[in-house]
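Visitor: Below you will find the structure I want to go over with you.
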Amino acid sequence: MKKLILLTALVAIAFCSFAQRKELTMQDAISNARTTLAPENLSQIQFIYGTEDYVYARRNDSDVVWMKGNVKTGADQPFLTLTELNQKLRSAKADTLKIMPIIHFNQGPNWVLSANGSKVSLNPVNNTLQVIVDQSLSGKANVEESKAGYIAYLDQFNLFVANGAERRQVTTDGSKDIVYASSVHREEFGISKGTFWSNDGKILAFYRMDQRMVTDYPIIDWTTRPAKNLNIKYPMAGDQSHQVTLGVYNAETKTLVYLKTGEPVEQYLTNISWSPDDKYIYIAVLNREQNHMKLNQYDAATGDFVKTLFEENDEKYVEPLVPMLFLKNDPSKFIWQSNRDGWNHFYLYSSDGKLLKQLTKGHWEVLNIKGFDQKGDQLFYISTQEAPITRNLYALSIKTGKSKRITQGYAVHNTEVSTSGKSVIDSYSTPEVPRTIQLVETASAKTKMLLKAANPLAAYATEKSSISTIKSKSGDDLFMSLYKPVNYDATKKYPVVVYWYGGPHAQLVLNSWNAGAGDYWARYMAQQGYVVLTLDVRGSDNRGKDFEQAMFRRAGEVQMEDMLTAVEYLKSQPYVDAAKMGLFGWSFGGFATTNFMLTHPGVFKAAVAGGPVINWQFYEVMYTERYMDTPQENPEGYAATYLSNKVDQLKGKLLLIHGQQDPVVVQQHSVDFVKHAVDKGVQVDYMIYPGHEHNVIGKDRAHLYQKVTDYFTQHLK
């Protein structure tokens, strides 16, 4: 009896303590999560090029001071103040600065910074300054400098290359329809830019995209009187796509050629790379069907096709995402990334296309390359070898093919490797650890603690989620993050909100701070008395080829099957009120949410679908045809996923949200759904966000999440 009384007293004390903590506001959960309530950090921490010294920016009162340290030294010391920087600028006969700028100390022996609108390189030893990008070019589009001092940029749709006072116009027919030096293929296949300087910085490869044959698509600007139409080019699945070529401009000889990439013109030119001697350009050429890739070699001087190094085929799709990487100490070999064995791994090739060996192997994914060590003997990379929800740094010996784990712990590590490869800045987190930053010696594994951030939510009535797995019907582990309500009472039943995405190139649940979420909305909802579940179903990223490709030609089908498994799990929990469950997703998650509400009516009482794909025939060629084939090839799959035709199956409450200027999932999707709902006499709710594209960002994001919260409160409570 005494033990029971003591236990009751302890529970009461804990409850009172928890109840006295602050509650998150929506502003806290959405906006402050990235600012005042984000874990403490060492701002702009980086290595100084060529050394094992690190620097970071520390604010002292109203000033910013760069601090410096080393793995073997004691306390960090002041390294650079604004006064000292201005002294160097005066010595270089340059204008001084009023505030400390962002400085890159790790890009070479010189410091790179922005000074009065220009990008400059400052030699810290002799205090000389070189202008990299002049202020007059800073407002131009797609500016990219080369190591030889040339600068490529766009002006009035055309490509220019400048060198000091001289500027030369490379193209003359640029327009909104003939697009130069920009990302192409809707930024699929890892494409993020359109200019590629050679290793010596004297030759520029660049994309040319002809989209005259692509239908105009209207995006309305509602801020003018009257409103005006701003057409974009949007190639929809099954329709004619744009045509891309690659130009090569020699800035020394002023000559221009185009690579002879041949027929068919509707193909994807991806993963551009230069040979170490700058004589050749390599392109991963993918057919429109996206099931056959050729790694092609071209002569940079003539544009002639040289040969195909190797080919990859897949009965579903091939998706090259990373250019070839030549070895630092042996230009006759390169590394290629492929998931041909079911998981993304490294393969070593000779420059003539002969496979030498597979360098990494296992049921895990290589994610990011972090660079070679100084000699080029080791390659650093991030992988999921411990678990799909972790990230660790490894060093791969090119010679032996053996990997050594550098970072430790069942955590998510973000790293920077020093020039030599002897030291690593390791910033990591777990659900219990908001952020820890340490310096690691790669040889000895010795560490120096730089920062151990306190819990930024310690004063708030919130706790971490539990991360666990459930088995799908396919036998796969599905990772999920679950928050129980604040002040949870095991004798009560609670409403539930489930958040998901389910499409490729996204993973929601990580073994990191806040379970990988960028905001605290799930915690906020738990504070409001909800059970909140976040789930990664089949189709999600970093789980191997079969896990993703399970959705091929029938998007949403396996996702819904996995969601039903999650629903069964929730219903088995005594604290869940299965009659009051809500579902929420955005983009592909908006499609999956709407699809589930129509295909399995009545399971969820209410749902919110943001930026939802409603008809895959309305979505872009590159993404849609990879996962669904064309409408002509897969009419049954497209018919099954045309959600407007199933609107009369809706039983619960459904809120659609769309950014009114969305150029990704165009607003026609949700408008089409609403029109069909009206025609069938089905009531749905609809909210637009004028001025926003595919995501609602900035100050309006808190408004969005308040809207979502209010909707669930109205229908689940």
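Visitor: When region 488-539 is examined, which residues are found to be hydroxyl-bearing (Ser, Thr, Tyr), under 17 Å from the mean Cα position of the chain (by Cα) and under 19 Å from ASN595 (Cα atoms)?
Guide: Result: TYR501, single match.
Visitor: Quick check on region 186-195. Is at least one of its residues buried (at least 19 other Cβ atoms within 10 Å of the Cβ) and among the small types (Gly, Ala, Ser)?
Guide: Yes, region 186-195 contains a residue that is buried (at least 19 other Cβ atoms within 10 Å of the Cβ) and among the small types (Gly, Ala, Ser).
Visitor: In this structure, does ILE389 turn out to be of a type in the set (A, V, I, L, M), part of a loop (DSSP other than H, G, I, E, B) and either crowded, with 21+ Cβ neighbours inside 10 Å or modelled with pLDDT of 95 or more (or both)?
Guide: yes
Visitor: Which residue, of VAL179, VAL184, VAL170, is of a type in the set (Val, Ile, Thr), without any contact (Cβ under 8 Å) to a residue 40 or more places away in the chain and in contact with a strand residue (DSSP E or B) (Cβ under 6 Å, 6 or more places away or on another chain)? Outline the logic, then answer.
Guide: On the way: VAL184 fails: without any contact (Cβ under 8 Å) to a residue 40 or more places away in the chain; VAL170 fails: without any contact (Cβ under 8 Å) to a residue 40 or more places away in the chain.
Checking each option against the conditions leaves just VAL179.
Visitor: Checking the conditions here, which among ASN142, ASN163 is under 25 Å from ASP278 (Cβ atoms), in contact (Cβ under 8 Å) with a residue 24 or more places away in the chain and touching a strand residue (DSSP E or B) at 6+ places or on another chain (Cβ under 7 Å)?
Guide: Residue meeting the stated conditions: ASN142.
Visitor: A follow-up question, please. Can you work out which of the residues in region 541-555 that are out of contact with any Phe, Trp or Tyr (no Cβ under 7 Å at 6 or more places or on another chain) and part of a loop (DSSP other than H, G, I, E, B) is farthest from LEU478 (Cα to Cα)?
Guide: Filtering region 541-555 for residues that are out of contact with any Phe, Trp or Tyr (no Cβ under 7 Å at 6 or more places or on another chain) and part of a loop (DSSP other than H, G, I, E, B), the one farthest from LEU478 (Cα to Cα) comes out as ARG553.
Visitor: Still on this structure, please answer the following. I want to confirm something. Restricting to region 655-710 and keeping residues that are among the aliphatic types (A, V, I, L, M) and farther than 20 Å from ILE614 by Cα, which single residue is surrounded by the fewest Cβ atoms within 10 Å (Cβ to Cβ)?
Guide: ILE697
Visitor: Follow-up. Cβ-Cβ under 6 Å, sequence separation 6+ or interchain: first residue in region 479-490 and in contact (Cβ under 8 Å) with a residue 60 or more places away in the chain and farther than 13 Å from TRP521 by Cα, partner acidic (Asp, Glu) and surrounded by fewer than 24 Cβ atoms within 10 Å (Cβ to Cβ). Which pairs?
Guide: Note: no pairs meet the criteria.
Visitor: List every residue pair whose Cβ atoms sit under 9 Å apart, with the two residues 6 or more apart in sequence or on different chains, where the first one lies in region 113-138 and is small (Gly, Ala, Ser) and the second, anywhere, is assigned to a strand (DSSP E or B) and loosely packed, with under 14 Cβ neighbours inside 10 Å.
Guide: SER121/GLN130
Visitor: So, one more: Considering only residues that are of a type outside the set (Ser, Thr, Tyr), surrounded by 20 or more Cβ atoms within 10 Å (Cβ to Cβ) and closer than 22 Å to ASN645 by Cβ, which ones fall in region 561-593?
Guide: Passing the criteria: MET563, LEU583, GLY585, PHE588, GLY589, GLY590, PHE591, ALA592.
Visitor: Of all residues in region 455-476, how many are free of Cβ contacts under 8 Å to residues at least 24 places away in the same chain and part of a strand (DSSP E or B)?
Guide: 3
Visitor: Going through region 599-634 one residue at a time, which ones are part of a helix (DSSP H, G or I) and surrounded by fewer than 20 Cβ atoms within 10 Å (Cβ to Cβ)? Break it down into steps so the answer makes sense when it comes.
Guide: First, the residues of region 599-634 that are part of a helix (DSSP H, G or I): 599, 616-618, 621-628.
Residues satisfying the conditions are THR599, GLN617, PHE618.
Visitor: May I ask you to list the residues in region 78-121 that are among the acidic types (Asp, Glu) and either modelled with pLDDT under 95 or assigned to a strand (DSSP E or B) (or both)?
Guide: Answer for region 78-121, where residues must be among the acidic types (Asp, Glu) and either modelled with pLDDT under 95 or assigned to a strand (DSSP E or B) (or both): just ASP95.
Visitor: Look at region 136-165 and say how many of its residues are under 25 Å from LEU113 (Cβ atoms) and more than 29 Å from the chain's Cα centre (by Cα).
Guide: So the count comes out to 10.
Visitor: Give the residue, chosen from LYS675, LYS651, LYS646, that is under 23 Å from THR713 (Cβ atoms) and either among the basic types (Lys, Arg) or touching a Phe, Trp or Tyr at 6+ places or on another chain (Cβ under 6 Å) (or both). Working first, answer last.
Guide: On the way: LYS675 fails: under 23 Å from THR713 (Cβ atoms); LYS646 fails: under 23 Å from THR713 (Cβ atoms).
Step by step, each of LYS675, LYS651, LYS646 is checked, and only LYS651 is under 23 Å from THR713 (Cβ atoms) and either among the basic types (Lys, Arg) or touching a Phe, Trp or Tyr at 6+ places or on another chain (Cβ under 6 Å) (or both).
Visitor: Quick one: which residue in ALA606, ALA639 is closer than 30 Å to LEU716 by Cα and of a type outside the set (Phe, Trp, Tyr)?
Guide: Result: ALA606 is the single residue among ALA606, ALA639 that is closer than 30 Å to LEU716 by Cα and of a type outside the set (Phe, Trp, Tyr).
Visitor: Also, I was wondering about something else. (1) surrounded by fewer than 17 Cβ atoms within 10 Å (Cβ to Cβ); (2) not aromatic (Phe, Trp, Tyr); (3) not in a strand (DSSP E or B): which one isn't true of ARG168, the others all being true?
Guide: (3)
Visitor: Turning to a different aspect of this structure: Take the residues of region 217-252 that are among the acidic types (Asp, Glu) and surrounded by 13 or more Cβ atoms within 10 Å (Cβ to Cβ): which is nearest to ASN287 (Cα to Cα)?
Guide: ASP239
Visitor: Going through region 310-330 one residue at a time, which ones are closer than 18 Å to GLN267 by Cα, in a strand (DSSP E or B) and out of contact with any His (no Cβ under 8 Å at 6 or more places or on another chain)?
Guide: Hit for region 310-330 is PHE310, nothing else.
Visitor: Report yes if LYS492 is basic (Lys, Arg) and assigned to a loop (DSSP other than H, G, I, E, B), otherwise no.
Guide: Details: basic (Lys, Arg): yes; assigned to a loop (DSSP other than H, G, I, E, B): yes.
Yes: the conditions hold for LYS492.
Visitor: Taking the condition of being crowded, with 16+ Cβ neighbours inside 10 Å, farther than 16 Å from ASN414 by Cβ, aliphatic (A, V, I, L, M) and touching a strand residue (DSSP E or B) at 6+ places or on another chain (Cβ under 8 Å), how many residues in region 433-469 meet it?
Guide: 2
Visitor: Of these, LYS422, LYS404, LYS375, which one is loosely packed, with under 15 Cβ neighbours inside 10 Å, under 30 Å from PRO109 (Cα atoms) and touching a strand residue (DSSP E or B) at 6+ places or on another chain (Cβ under 7 Å)?
Guide: None of the others qualify; the one that does is LYS404.
Visitor: Only one of these is under 30 Å from GLY421 (Cβ atoms), among the small types (Gly, Ala, Ser), free of Cβ contacts under 8 Å to residues at least 24 places away in the same chain and not in a strand (DSSP E or B): ALA75, ALA148. Name it.
Guide: Unique residue meeting the criteria: ALA75.
Visitor: Being farther than 17 Å from TYR394 by Cα and either free of Cβ contacts under 8 Å to residues at least 60 places away in the same chain or hydrophobic (A, V, I, L, M, F, W, C) (or both) is the filter here; which residues of region 416-454 pass it?
Guide: GLU432, VAL433, THR436, ILE437, MET449, LEU450, LEU451, LYS452, ALA453, ALA454
Visitor: I'm told ALA515 meets every condition in (1) in contact with an Asp or Glu (Cβ under 8 Å, 6 or more places away or on another chain); (2) in contact (Cβ under 8 Å) with a residue 24 or more places away in the chain; (3) outside any loop (DSSP other than H, G, I, E, B) except one. Can you identify the failing condition by its number?
Guide: Against the list (1) in contact with an Asp or Glu (Cβ under 8 Å, 6 or more places away or on another chain); (2) in contact (Cβ under 8 Å) with a residue 24 or more places away in the chain; (3) outside any loop (DSSP other than H, G, I, E, B), ALA515 comes up short only on (1).
Visitor: Scan region 331-340 and tell me whether some residue there is of a type in the set (Ser, Thr, Tyr), surrounded by 18 or more Cβ atoms within 10 Å (Cβ to Cβ), under 25 Å from the mean Cα position of the chain (by Cα) and under 29 Å from THR400 (Cα atoms).
Guide: yes
The values are calculated or read from the model by the stated rules, or taken from the named source; none is laboratory data. Model, not experiment: these values are computed from the prediction. A quick note on method: Cβ atoms are made from the backbone with ideal geometry, for glycine too, and the neighbour counts reach across all protein chains shown.
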